[in-house]
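Student: My structure is below; once you've seen it, I'll send some questions.
The values are calculated or read from the model by the stated rules, or taken from the named source; none is laboratory data. It should be emphasised that the depicted structure is a prediction, and the values quoted were computed from it without experimental measurement. As a convention, Cβ positions derive from the backbone with ideal geometry for all residues, glycine included, and neighbour counts pool all protein chains shown. SASA here: full protein model, heavy atoms, side chains in, ligands and nucleic acids out. Shrake-Rupley method; radii C 1.70, N 1.55, O 1.52, S 1.80 Å.
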Amino acid sequence: MVRHFARLAEKNHHVDRAIYPLGSCTMKYNPRVNEDVAALEGLAGVHPEVEGEYAQGAIAMMYHLGRFLAEISGMDAVSLQPPAGASGELVGMLMVRAYHADRGDQRKTVIVPDSAHGTNPASVALAGYCTMEVASGPDGRIDVDELRREVDGDTAAVMITNPNTLGVFETRIQEIIDVVHEAGALAYLDGANLNASLGIARSGDAGFDIMHFNLHKTFSAPHGGGGPGSGPVGVKAHLTKYLPYPLASRDEAKAEGYEYFMDYDRPKSIGKVHAVYGNFLVMAKAYAYILTLGPEGLRRVAENAVLNANYLQALLEPHYELPYKGYCQHEFVLSATRQKEEHGVRALDIAKRLLDYGVHAPTIYFPLIVKEALMIEPTETESRESLDRFAEAMIAIARESEETPELVTGAPTSTPVGRMDEACAARELDVCSWDGDREE
Amino acid sequence: MPYVPNTERDREEMLAAIGASSIDELFADVPADLRADERIDIPGPLAELELVRHMRKLAAMNRTGEGVVSFLGGGVYDCVTPAAVGHVTGMPQFFTAYTPYQAEASQGTLQSIYEFQSLVARLTGLPAANASMYDGASAAAEACLMAAGIKRKKKILVSATTNPALRAVTKTYLGSSEIEIVELPTDGGATDLEALREGLPGAAAVVVQHPNFFGLLEPVDEIGRLVGESEALLIASVDPVSLAVLKSPAEYGAEIAVGEGQCLGSPVAFGGPLLGFMATTERHLRRLPGRIIGGADDCDGRRGYVMTLQTREQHIRREKATSNICTNEGLVALGATVYLSLLGKDGLRELAMQLGSKARYAADALAGVPGVSLRFARPFFREFVVELPADASWVKCELSKIGIWPGLKCSCYYDGMDNCLLVTVSERHTRDDIDSLASGLEAILSTGGQS
């Protein structure tokens with residue numbers, strides 16, 4: 001049995017093996033000590049229904065992690081309950097609803113830039129709002145004039161990713177937030193790209209009312225091939241009452257051993273989004289990570305993430321089209337339009353060919369506003385040598401696209417399977433028919 | 001500096017390659033008045049040894065099931081997990097990978113999830129399962145949204161015997177929609193069939209849990225028949241282990257099955273990560289939320305796996321997606337796949353039989369204590385409710401002094417159950433453990449205490 005799974009494991013690319021530069025996914029090294037401490041019996045073995053006095057360490061950890069995240073982001077309070085980023089977005093949107101409902105204000109739309117992650121409009125819809133898209137300007141940033149035209153008394157909130165998915169910082173962010181606030185709407189930050197801002201700028205200081213974090217991106221908890229994640233939500237003081245219940249809290253007036261408690265007495269709360277308290281063991285890893293780095297270390301994370309991205313961008317700019325020029329933040333987006341138009345090589349082909357070079361592909365065809373997009377986020381845990389190797393592969397593929405394009409369009413050839421026929425998979429569905437046979 | 005491999009010299013050379021004079025220059029787009037000039041006020045840095053000591057100290061402030069005899073359950077179960085499960089999920093090839101966006105380099109993850117889906121399908125009897133949900137509660141909530149979409153109706157009946165967390169999360173998910181949730185009352189610890197019958201007209205779906213929150217078996221044949229005669233769709237929330245000995249949801253007519261898979265080899269972990277699973281009929285497959293892995297051939301006809309039907313999902317369909325879920329509980333699903341594979345059909349059946357017989361033994365032992373009785377007369381699995389001749393809080397407190405956690409206070413979730421405890425057995429329990437609960441309870445009650 002172990003052999004079966006060990007063989008399956010061999011068929012995976014993973015960040016321990018080589019760079020995994022998926023844009024907006026922040027595939028950084030997963031520190032092993034975090035895995036070890038999260039596995040401590042005193043954490044992994046605590047039943048959620050024990051009396052509070054028997055879970056003081058667990059609740060204290062949650063309370064302090066919430067405080068750390070609030071301090072890092074400039075928010076006032078944080079709920080750790082959402083088990084993933086999209087769940088955090090839903091919580092955020094439901095709090096927007098509750099806020100307006102309390103004011104007797106029936107607003108209908110949420111504005112989302114056209115460069116946003118797909119989860120944003122999906123979460124907006126789940127919360128019962130209509131999405132309105134705001135187009136990006138020629139510099140890849142939100143067009144503030146366009147935003148001004150769109151925002152009105154029907155706007156409940158604006159969801160912004162900053163730095164955005166093009167890897168550029170919204171330089172006019174305060175003006176944007178002012179526009180939002182003047183219309184009586186709330187400003188929501190999608191924290192998927194927080195890695196670029198740790199210790200550099202705090203979203204709360206810029207005026208954001210709500211944001212979510214991704215502990216499995218920014219704070220080094222492993223992604224696990226698709227979860228478990230953790231998507232805490234931070235809010236400013238005027239929205240604290242709407243956070244999901246229960247909230248890890250502290251009453252310093254109580255005796256030691258009883259001071260931390262899960263606060264259920266939250267009548268204005270939007271409710272629960274997780275069966276218990278959220279993904280506790282993921283929180284433990286993020287908590288350990290923050291303590292290991294400390295304030296200076298977190299800042300160094302952002303600095304080196306941005307340095308690594310700019311270095312790669314500089315190496316690749318001569319070989320691929322770079323639609324948005326200038327320094328990037330933690331990620332940047334190339335376009336393969338030149339390769340496509342001149343040699344018939346698409347972004348998809350380049351991604352597949354990268355697999356033959358033993359590295360993972362960037363995010364492709366996203367953000368939607370860039371044709372043949374290749375969205376690259378190296379993260380700070382890649383060494384210069386690793387970045388050089390990735391750049392060499394990308395440059396070699398640019399050359400192959402010119403000289404031997406069939407090599408690229410026929411890739412990959414060195415992976416356990418060749419290019420998969422996804423269209424056929426959707427036509428001839430087979431989703432659950434494994435018969436239990438594991439003969440190799 | 002931890003986890004940043006570049007040296008000072010690397011940084012200088014990289015800056016030169018970029019053409020920037022300093023790292024600060026790279027942040028020129030961040031407006032000056034937004035720059036955090038003050039150091040953020042958090043502790044650290046801690047050296048690895050300091051961190052481990054600190055975490056051990058925190059861990060020591062908690063009490064686990066070790067050293068006590070715990071009968072806590074209610075949705076999160078302290079199972080015995082073969083060591084191989086953790087070693088497989090601990091393989092970096094699995095845990096340091098991302099969502100399998102590049103199928104050719106992710107066949108390990110893809111095949112393991114496909115196996116997970118197949119196992120869920122086999123357990124539930126429903127042929128189309130997805131790659132996992134956050135937990136059983138959100139799986140049920142998403143099932144309600146799915147059913148409302150299929151039936152184009154705005155009423156969902158949810159039995160009061162479902163897990164309170166399931167109902168709370170469902171209420172949150174449906175809170176901003178026009179869907180009305182009608183809670184079906186209980187009758188003898190199970191869903192009130194008369195109320196069900198009355199509620200069915202106009203309903204999109206009915207949610208029942210089997211075994212229910214009290215551990216009781218629901219009259220699922222009758223429920224399935226009633227729902228089948230209506231236009232509504234039956235959503236069954238099930239305990240996957242119980243399915244080794246109970247009828248599958250498909251057999252009593254459920255069109256969507258959901259459940260909590262934590263009990264398949266995951267630690268209790270203060271309630272997270274958990275593992276939601278979800279399966280449906282072929283007819284509703286395209287309505288499923290979240291990732292679905294499908295079999296496919298590569299360009300040379302070799303068998304492999306891909307993420308399929310992605311046009312349902314948020315990254316393609318955006319606001320029209322079937323759900324906003326993106327990251328799910330992949331690694332926990334892998335753990336459950338390993339766990340189920342190690343136990344096998346016979347092993348799972350033996351486990352289920354053991355939970356059934358231990359629960360029966362414990363119930364008999366407790367009912368033999370003077371003044372104590374079983375609250376409900378229905379058959380049960382894994383857990384059951386006892387009625388005490390004293391306040392459950394007091395009993396719980398007294399028993400904990402002698403190292404026994406007798407179960408959950410039902411009064412936390414239900415009115416009129418102040419003297420009731422939900423007692424959960426585990427495969428960990430020995431006969432002595434269960435006997436000590438009965439004798440401890442008898443001793444405490446005989447001291448008089450409160451009434």
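Student: Give the B-A buried accessible area in Å², both sides summed, 1.4 Å probe, nearest 100.
Tutor: Chain pair B/A: roughly 13300 Å² of buried accessible area.
Student: For n ≥ 4 DSSP H runs only, could you compute -39500 (n - 2.57) per run for the protein assembly as shown, divide by its residues and tell me the 222 nm figure to the nearest 500? Before the final figure, lay out each step's value.
Tutor: On the way: 29 runs with 338 residues, N = 891.
That calculation yields -11500 deg cm²/dmol at 222 nm.
Student: Something else: Just to confirm a number: summing +1 for Lys and Arg and -1 for Asp and Glu over residues other than residue A:421 whose beta-carbon lies under 12 angstrom from that of residue A:421, what do you get?
Tutor: Details: positive: A:419, A:427, B:302, B:303; negative: A:422, A:428, B:104, B:297, B:298, B:300.
Result for the neighbourhood of residue A:421: -2.
Student: Okay, moving on. Using only the alpha carbons of chain A, what is the convex hull's orientation-averaged projected area in square nanometres? Present the calculation step by step, with values, prior to reporting the outcome.
Tutor: Details: hull surface 93.6 nm².
If you wrap the Cα atoms of chain A in a convex hull and average its projections, you get 23.4 nm².
Student: Within 10 Å of each Cβ in A:357-369, how many Cβ atoms from other chains are there, averaged over the peptide? All intermediate terms of the calculation are to be shown ahead of the outcome.
Tutor: Numbers: counts 0, 1, 1, 6, 4, 2, 3, 2, 2, 1, 0, 2, 0.
Rounded to a whole number, the mean comes out at 2.
Student: Alpha carbon centre of region A:330-375 versus region B:347-396: separation in Å?
Tutor: Here the answer is 60 Å between Cα centres.
Student: Additional query: Taking 22 Å as R0, compute the FRET efficiency from the Cβ-Cβ separation of residue A:402 and residue A:321 and round it to 0.05.
Tutor: 0.95
Student: Okay, moving on. Could you give me the radius of gyration and the Dmax of chain B, taking only the C-alpha atoms into account and expressing both in angstrom?
Tutor: In Å, with Rg to one decimal and Dmax whole: 25.4, 84.
Student: In nm², what is the average projected area of the convex hull enclosing the Cα atoms of region B:287-355?
Tutor: Average of the hull's projected areas for region B:287-355 equals 7.1 nm².
Student: Taking every pair of Cα atoms in region B:367-433, average 1/r, invert it to obtain the Kirkwood radius, and report Rg/Rh to two decimals.
Tutor: Over the Cα atoms of region B:367-433, Rg/Rh equals 0.95.
Student: Testing the spin-label approximation: label points 7 Å from Cα along Cα→Cβ at residue B:349 and residue B:222. State their distance in nm.
Tutor: For residue B:349 paired with residue B:222, the spin-label model returns 2.9 nm.
Student: Would you work out if region B:76-220 is rounded, prolate or oblate? Take a ≥ b ≥ c from the square roots of the eigenvalues of the alpha-carbon gyration tensor; rounded if a/c is under 1.5, else prolate when a/b is larger than b/c, oblate otherwise.
Tutor: prolate
Student: Return a whole-number percent for the relative contact order of region B:228-332, with Cα pairs under 8 Å and 6 or more residues apart as the contact set.
Tutor: 19
Student: Given a Förster distance of 35 Å, report the FRET efficiency between residue B:432 and residue B:377 from their Cβ-Cβ distance, rounded to the nearest 0.05.
Tutor: With R0 = 35 Å, the Cβ-Cβ based efficiency is 0.80.
Student: Sort B:190-198, B:127-135 by packing, meaning the average of other beta carbons within 10 Å per residue, with the highest value first.
Tutor: B:127-135, B:190-198
Student: Would you mind checking the tilt of helix A:347-356 against the longest principal axis of the Cα atoms of chain A, expressed as 0 to 90 degrees and rounded to 10?
Tutor: Helix A:347-356 sits roughly 80 degrees off the main axis of chain A.
Student: Next question, about the same structure. What helices in chain B pass both tests, a Cα length along the helix axis of 30 Å or more and a mean Kyte hydropathy of 0.0 or higher, using whole DSSP H runs?
Tutor: B:330-367
Student: How many Å² of accessible area per residue for region B:1-64, probe 1.4 Å?
Tutor: 60
Student: For region A:250-351, which trypsin sites (Lys or Arg not before Pro) are in a loop by DSSP, counting at most 15 other Cβ atoms within 10 Å?
Tutor: Details: sites: A:250, A:254, A:268, A:272, A:285, A:299, A:300, A:325, A:338, A:340, A:346; in loops: A:254, A:268, A:272, A:325, A:346.
Passing sites in region A:250-351 are A:254, A:268, A:325.
Student: Using a 1.4 Å probe, what is the accessible area per residue for region B:66-148, in Å²?
Tutor: Heavy-atom accessible area per residue stands at 20 Å².
Student: Count the net charge of all other residues whose Cβ sits under 10 Å from the Cβ of residue B:295, scoring Lys and Arg as +1 and Asp and Glu as -1.
Tutor: So the surrounding residues net to -2.
Student: Subtracting the Cα-Cα distance from 0.36 nm times the residue separation, let me have the gained length for residue B:194 to residue B:80 in nm, one decimal. Could you put the intermediate results ahead of the total?
Tutor: Numbers: separation 114, 0.36 × 114 = 41.04 nm, distance 3.99 nm.
Here the segment from residue B:194 to residue B:80 would lengthen by 37.0 nm.
Student: If you don't mind, there's one more thing I want to ask. If one computes P(r) from the Cα atoms of region A:32-291, what percent of pairs lie at distances over 21 Å?
Tutor: Tail of the P(r) past 21 Å holds 57 percent of the pairs.
Student: Hey, what's region A:254-403 come to in accessible area per residue, 1.4 Å probe, Å²?
Tutor: Result: 32 Å² per residue.
Student: Residues with amide H under 5 Å of residue B:69's amide H, sequence separation 5 or more or different chain, H placed in the peptide plane at 1.01 Å from N; which?
Tutor: B:404, B:405
Student: Let me ask something else about it. Shielding of A:373-379 by partners, i.e. mean partner chain Cβ atoms within 10 Å per residue?
Tutor: Mean partner-chain Cβ count within 10 Å for A:373-379: 0.
Student: Leaving out ligands, DNA and RNA, what percent of the accessible area of region B:49-192 is carbon and sulfur, probe 1.4 Å?
Tutor: So the carbon and sulfur contribution to the accessible surface is 51 percent.
Student: Give the cysteines in chain B for which no other Cys Cβ lies under 4.7 Å away, or write none if there are none.
Tutor: Within chain B, the cysteines lacking a partner Cβ under 4.7 Å are B:79, B:144, B:263, B:299, B:326, B:397, B:412.
Student: Where the centroid of each part is defined by its Cα atoms, how far is region B:33-47 from region B:123-138 in Å?
Tutor: Cα centres, region B:33-47 to region B:123-138: 43 Å.
Student: How big is region A:88-231 by Rg and Dmax over its Cα atoms, in Å?
Tutor: 14.6, 43
Student: Report the Stokes-Einstein translational diffusion coefficient (µm² s⁻¹, integer) for the protein assembly as shown, Rh taken as the Kirkwood radius over Cα pairs, at 37 °C with viscosity 0.692 mPa s.
Tutor: 118
Student: Give, ordered by residue number, each residue of region A:137-174 whose 1.4 Å probe accessible area is reduced by a minimum of 30 Å² on adding the remaining protein chains to the chain alone.
Tutor: Checking the loss per residue gives A:169, A:171, A:174.
Student: How long is region B:84-338 along each principal axis, judged by its Cα atoms, biggest number first, in Å?
Tutor: In descending order, the Cα extents are 57, 37, 31 Å.
Student: Given 0.36 nm per residue, what is the gain on full extension from residue A:135 to residue A:258 after removing their alpha carbon distance, in nm?
Tutor: 39.1 nm
Student: Amide H to amide H under 5 Å from residue B:375: which residues, 5+ apart in sequence or cross-chain, H placed 1.01 Å off N in plane?
Tutor: Those qualifying (amide H under 5 Å, at least 5 residues apart or on another chain) are B:385, B:386, B:387.
Student: Let me ask you something else. So what is the relative contact order of chain A, in percent, for Cα pairs below 8 Å that sit 6 or more residues apart?
Tutor: Once normalised by length, the contact order is 21 percent.
Student: Over all directions, average the projected area of the Cα convex hull of region A:58-148 and note it in nm². Could you put the intermediate results ahead of the total?
Tutor: On the way: hull surface 30.5 nm².
Hull-based average projected area comes out at 7.6 nm².
Student: What's the center-to-center distance, using Cα atoms, between region A:313-328 and region B:162-224 in Å?
Tutor: That distance is 56 Å.
Student: Take every Cα pair under 8 Å in region B:292-404 that's 6+ residues apart, average their separations, divide by the length, and report that relative contact order as a whole percent.
Tutor: 12
Student: Here's a follow-up. How much of the accessible area of region A:32-291, in percent, comes from carbon and sulfur atoms when a 1.4 Å probe is used?
Tutor: With neighbouring chains kept in place, the figure for region A:32-291 is 45 percent.
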